[in-house]
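Some notes on the structure that comes next.
The values are calculated or read from the model by the stated rules, or taken from the named source; none is laboratory data. Keep in mind the model is a prediction, meaning the values are calculated, not measured. We place every Cβ from the backbone using ideal geometry, glycine too, and count neighbours over all the protein chains shown.
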Amino acid sequence: MKKSFTDSKTGIRYELKGDYYLPCLAPPEIDGRAIGIWGERRRQYLRDHRKALYYSLLTSGDLQKHLADTNEAADEMFCQLVEQLAKQEGVTEQLKVQDQLAWVGAMNNIRNRVTEIVNAELIYI
């Protein structure tokens, strides 16, 4: 009696466990990229509000790639926007030397606004 076989149509291998053949499913290989904070926010949003998309990505094995791609795009967008807004509003290293408290307040304000923009444009869609 065969202990295992591979389905020619699907390519899934089955093994005999007791009286039943069960599929040997392995998780997809992870590409090693970090999910990061933006990817975790996206995962939480998908899991809570876009269940069909979340489970579709999860079962197809594309969730990790999607989250890593989202994290990279969001991180790049965040850095660019912070730099642009700081330049536009005159928050420079000179201000940092002259008045550290004003610089910290201005940078925190910029970072908070940019976080909201990135969330609205990439994470919560």
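Residues checked against (1) surrounded by fewer than 11 Cβ atoms within 10 Å (Cβ to Cβ); (2) under 15 Å from T115 (Cβ atoms); (3) polar (S, T, N, Q):
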residue: K3; (1), (2), (3): yes, no, no
residue: R13; (1), (2), (3): no, no, no
residue: A52; (1), (2), (3): yes, no, no
residue: Q64; (1), (2), (3): no, no, yes
residue: E83; (1), (2), (3): no, yes, no
residue: A86; (1), (2), (3): no, yes, no
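Conditions (1) of a type in the set (A, V, I, L, M, F, W, C); (2) in contact (Cβ under 8 Å) with a residue 60 or more places away in the chain; (3) in contact with a helix residue (DSSP H, G or I) (Cβ under 7 Å, 6 or more places away or on another chain), marked per residue:
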site	(1), (2), (3)
S4	no, no, no
Y14	no, no, no
D19	no, no, no
R42	no, yes, yes
Y45	no, yes, yes
T70	no, no, yes
Checklist entry - Is it the case that segment 107-118 has a residue that's in contact (Cβ under 8 Å) with a residue 60 or more places away in the chain and in a helix (DSSP H, G or I)? => result yes
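Per-residue answers, yes or no, for (1) in the same structural domain as I37 (by TED's automatic domain parsing); (2) hydrophobic (A, V, I, L, M, F, W, C); (3) at pLDDT below 95; (4) within 19 Å of the chain's Cα centre (by Cα):
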| position | (1), (2), (3), (4) |
| --- | --- |
| L57 | yes, yes, yes, yes |
| D62 | yes, no, yes, yes |
| K65 | yes, no, yes, yes |
| C79 | yes, yes, no, yes |
| Q84 | yes, no, no, no |
| Q88 | yes, no, no, no |
| D99 | yes, no, no, no |
| I110 | yes, yes, no, no |
Checklist entry - Looking at segment 74-96, which of its residues are part of a helix (DSSP H, G or I) and hydrophobic (A, V, I, L, M, F, W, C)? => result A74, M77, F78, C79, L81, V82, L85, A86, L95
